[in-house]
Amino acid sequence: NVQKTVEHPPWIDIIPHPTWRDNLILGQGTYDADDICNDVVGGLWDELPGESVEERGVIAWSPPWDIGGWEVSEGFLKKWGWLLRGCGEVLEATNRWRTMRGEEDLIAE
């Protein structure tokens, strides 16, 4: 278990998806932690909600431990898609929410 064997900052432990968390731990040193934290919350620390916020962020439509309630924004997927490698259920949940709104599916590259 990567989380138990590799030293990492405590903020990573709040990510409930184990593969996403492992990707963050194994990718340490390749990303700016402040940048990713800001993008996870949709930039709400920097600005009031607006158009740019819609292109960033992760939404939990249900309790965070229920991956079926997760939705990542298109901008988040473009910028941080490598974090979601092996996290197919996150993209499936995202596309389920998008389909309900009549939006096109996101495709991980």
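Of all the residues that make up the stretch 56-74, how many are of a type outside the set (Lys, Arg) and open to solvent by 20 Å² or more (accessible area, probe 1.4 Å)?
Pass one, the stretch 56-74, residues of a type outside the set (Lys, Arg): 57-74.
Restricting the remaining residues to those that are open to solvent by 20 Å² or more (accessible area, probe 1.4 Å) gives 58-68, 74.
Result for the stretch 56-74: 12.
Does at least one position in the stretch 49-65 carry a residue that is assigned to a loop (DSSP other than H, G, I, E, B), modelled with pLDDT under 90 and among the acidic types (Asp, Glu)?
Taking the stretch 49-65 first, the residues assigned to a loop (DSSP other than H, G, I, E, B) are 49-50, 55-57, 61-65.
Narrowing further to those that are modelled with pLDDT under 90: 49-50, 55-57, 61-65.
Then drop every residue that is not among the acidic types (Asp, Glu), which leaves 55.
Within the stretch 49-65 (the criterion being assigned to a loop (DSSP other than H, G, I, E, B), modelled with pLDDT under 90 and among the acidic types (Asp, Glu)), the answer is yes, since at least one residue qualifies.
The values are calculated or read from the model by the stated rules, or taken from the named source; none is laboratory data. On a predicted model such as this, the values are computed, not experimentally measured, just so you know. Calculation scope for accessible area: heavy atoms of the full protein, side chains included, ligands and nucleic acids excluded. Shrake-Rupley method; radii C 1.70, N 1.55, O 1.52, S 1.80 Å.
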